[in-house]
1. Within the P(r) computed for region 103-147, what percentage of the Cα pairs occupies the region above 18 Å?
2. Which log10 I(q)/I(0) values does region 113-209 give at q = 0.10, 0.12, 0.18, 0.25 Å⁻¹ under the Debye formula, counting every alpha carbon as one identical point scatterer?
3. Given the pairs Lys112/Lys185; Lys154/Lys198; Lys154/Lys185; Lys45/Lys112; Lys131/Lys231; Lys45/Lys131, which are separated by over 23 angstrom at their Cα positions?
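Every number here is computed from the coordinates shown, using simple stated rules; none is lab data. Note that the structure is predicted; figures quoted are calculated from it, not measured.
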Amino acid sequence: MNLALSAIILIILLLPGAVAIRAYYTSFKDKESGIAIPFSDLLFKGILISIFLHAIAISVIHLCNSTFSFNLLFEILAGKDIYASDSYLSSYFIEFIWYNILISLIAWFMAKGFKSWVRRRNFDINFFSLKNTNYWSYVFSGRYLDTNGVQGTKAETDLIVLDILTNSNIIYSGILLDFNYSASKDELQNIILGSTYKRSFEKEGKDENPEHSAGIPTLIPGDVFIIPMSKVVNININYISISEL
């Protein structure tokens, strides 16, 4: 039996784990799901999940007295020569494909359900092993406030206002509208503000702890203002509740 075929079969068997990992760490509509995860972690978790799902599926198949031949599958994975008719192999192949499609669909919905359960209870922000969102999304969405020991809650936050100091000694202040994060590089790329003001930032005094003063704020025309992270020195974040204003 061709070893290449054995490798292909093995990859297909590991597919449910990969589908579950993909479902947990990504989303079609939720931008904050982007997160950089080491390949070794993904591989290890994917293998464990695949073994777990296949173990459950095999147990169910045996309980249902199915005629699916696992012995043939093991022989293919071992690279042994298989002596069987083309019609039997074709039928077996179709059953095998449908089996993996079903397991992959179950893995997808289970992962999405588990992710929803984790997020509702804020386990993902309080337990590192369940983290499924990048750091900047936690901070800029207000979910950071729901972390244990942090004052305030996301539910009480109506606006997030940023004061951004740039390397040109200018402070830009505005309402956070959006941001762009690169999961592949694991870094924040830019920040998008609305109703943005700018003011100069100057140091006064020559002692070890100089006071700081800012110039007169000036409104920047336009609907949005984009600041690349390459220009940012630091960021001050204000979580604002309109009811408290």
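1. When all Cα pairs of region 103-147 are counted, 32 percent exceed 18 Å.
2. Normalising to I(0) and taking log10 leaves -0.39, -0.55, -0.98, -1.29.
3. In this structure, Lys112/Lys185; Lys154/Lys198; Lys154/Lys185; Lys131/Lys231 lie more than 23 Å apart at Cα.
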